[in-house]
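Okay, structure first, notes after.
No value in this document is a laboratory result; all are computed from the given coordinates. Nothing here was measured: the structure is a model prediction, and the numbers come from that model. Please note: Cβ atoms are built from the backbone with ideal geometry, for glycine as well, and neighbour counts cover all protein chains shown.
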Amino acid sequence: MPAKLGLTSYTLVLSAAAQQDISRILEWTQDAFGDSGRARYENLISTTLIDLRADPTRAGVRQRDDIGKSVCTYHLVSSRKRTDANKHVAKPRHLVLFRVKKNVIEVARLLHDAMDFVQHLV
């Protein structure tokens, strides 16, 4: 990953699958935890994407060539402490799967950490 904080400006692009993942995650969270739960998880997803855009090499990013060429993962829990104290998600269970190409962060999926990533990245 050819990035250094402060030296490069990144564009974040969400695939159609990633956009659907976010919608499904938020719908499920709404059903399970209500409006406040959905708002907390939505805030965490937003914070995570902002953090990645600022530095796709930040602590918590893992290179995952076992999943696919140049694929990285970043667990939402890594950005949890950056949300407002009253908006913390107790146990986030999703990861962002992405690639960095030049100045573009391509977010492929947001998947539950128990899923088979290879199967869902295709």
Directionally averaged projected area (convex hull, Cα atoms, the chain), nm²: 7.3
Specify the angular offset, from 0 to 90 degrees and rounded to the nearest 10, of the alpha carbon long axis of helix 16-54 from the longest principal axis of the alpha carbons in the chain. 20
Which residues make up the longest stretch of the chain that has no trypsin sites (Lys or Arg not before Pro) in a DSSP loop with at most 10 other Cβ atoms within 10 Å? 5-68
Top of ALA54, ALA17, ALA90 by mean-square fluctuation, Gaussian network on the chain, Cα under 10 Å: ALA90
What is the gain in length, in nm to one decimal, between ASP84 and LEU12 on full extension, counting 0.36 nm per residue of separation less the C-alpha to C-alpha distance? 23.6 nm
Taking only pairs that are 8 or more places apart or on different chains, how many Lys pairs in the chain have Cα atoms under 27 angstrom apart? 7
